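The structure appears right after this line, and notes come after that.
The values are calculated or read from the model by the stated rules, or taken from the named source; none is laboratory data. Keep in mind it's a predicted model, so treat the numbers as computed, not measured. Positions of Cβ are generated from backbone atoms using ideal geometry, with glycine treated the same way; all protein chains shown enter the neighbour counts.
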Amino acid sequence: MKSWAQRERALAILAKEVGYVKKPHGDRLRVALAFPNTYWVGMSNLGFQTVYRLFNREDDIVCERFFLPPKTELAELSAAKAPLLTLESQTPVGDFDVVAFGSFNEENDHRAARTAPRSIRRAMLELGRRDDVEAVLLCCTSLRLVDEIRPLEEALGKPVTSSNHAMAWHTLRLAGIQDSMPQFGRLFELALE
């Protein structure tokens, strides 16, 4: 698959999608938000959508999404040394300031959901201790991590959240519940602006 084919697919998807955000890059921090599966799987994840909206709510950040194509197309892209492109502007992912991505290298979402909490905690600590990481976001594991968020933030001195955690915060704020709940981490101390 060539870059022009990726661009055409992205434009066809955007033509059918409601609610995507397209901002000029300019002087903004450019974040490429990855979902390590196909578009259709990624967009069924409300946590992923919430994180996308939270980034784009900030005036000085532009967040664009990218997804993995089907395996055969991914192999073709790799063989052609063609870069993955973001959905919104069809910009090569490598051109972004931040690529928000991490993985347990488990393609099957059902098996990923059974990852042991201690393994996730260990991975989040390992990733979060890197100097080039400013925050840790865990997406799409269907695991209950609410009790782990605050201890991880204290251990790392950095914000930590998960897609489900962010979605719960957003749901509460949309429902008009603006209470500060520091026991659930830094995010739950913020109001919806």
Flagged pairs (Cβ under 6 angstrom, 6 or more apart or on separate chains; first in segment 165-178, more than 14 Å from TYR52 (Cα to Cα); second at pLDDT below 90 and loosely packed, with under 12 Cβ neighbours inside 10 Å) are GLN178/ALA191
Filter segment 71-92 for residues that are modelled with pLDDT of 90 or more and β-branched (Val, Ile, Thr); the one that is surrounded by the most Cβ atoms within 10 Å (Cβ to Cβ) is THR86
Of those in segment 49-70 that are assigned to a helix (DSSP H, G or I) and at pLDDT 80 or above, the residue farthest from ARG30 (Cα to Cα) is GLN49
Going through (1) part of a helix (DSSP H, G or I); (2) surrounded by 16 or more Cβ atoms within 10 Å (Cβ to Cβ); (3) modelled with pLDDT under 85 one by one, HIS170 fails only at (3)
Filtering segment 93-126 down to residues that are in contact with a strand residue (DSSP E or B) (Cβ under 6 Å, 6 or more places away or on another chain) and at pLDDT 80 or above yields VAL93, PHE96, ASP97, VAL98, VAL99, MET124
Of (1) under 24 Å from TRP169 (Cβ atoms); (2) surrounded by fewer than 18 Cβ atoms within 10 Å (Cβ to Cβ); (3) touching a Phe, Trp or Tyr at 6+ places or on another chain (Cβ under 7 Å); (4) modelled with pLDDT under 90, PHE35 satisfies every one except (2)
Checked segment 149-164 for anything in contact with a strand residue (DSSP E or B) (Cβ under 8 Å, 6 or more places away or on another chain) and assigned to a helix (DSSP H, G or I); matches are ILE149, LEU152, GLU153, LEU156, SER163
Checked segment 20-33 for anything in contact with a helix residue (DSSP H, G or I) (Cβ under 8 Å, 6 or more places away or on another chain) and small (Gly, Ala, Ser); matches are ALA32
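With the requirement that a residue be under 22 Å from SER162 (Cβ atoms) and either outside the structural domain of VAL51 (by TED's automatic domain parsing) or touching a residue at least 60 places away in the same chain (Cβ under 8 Å) (or both), what does segment 30-40 give you?
Passing the criteria: VAL31, ALA32, LEU33, ALA34, PHE35, PRO36, ASN37.
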When you scan segment 184-193, do you find a residue that is touching a Pro at 6+ places or on another chain (Cβ under 7 Å) and among the basic types (Lys, Arg), even just one? yes
Restrict the check to segment 48-69 and report whether at least one residue is surrounded by 18 or more Cβ atoms within 10 Å (Cβ to Cβ), farther than 18 Å from VAL99 by Cα and not assigned by TED's automatic domain parsing to the domain that holds LEU137.
no
Note on segment 1-18: residues assigned to a loop (DSSP other than H, G, I, E, B), in contact (Cβ under 8 Å) with a residue 24 or more places away in the chain and of a type outside the set (D, E, K, R) are MET1
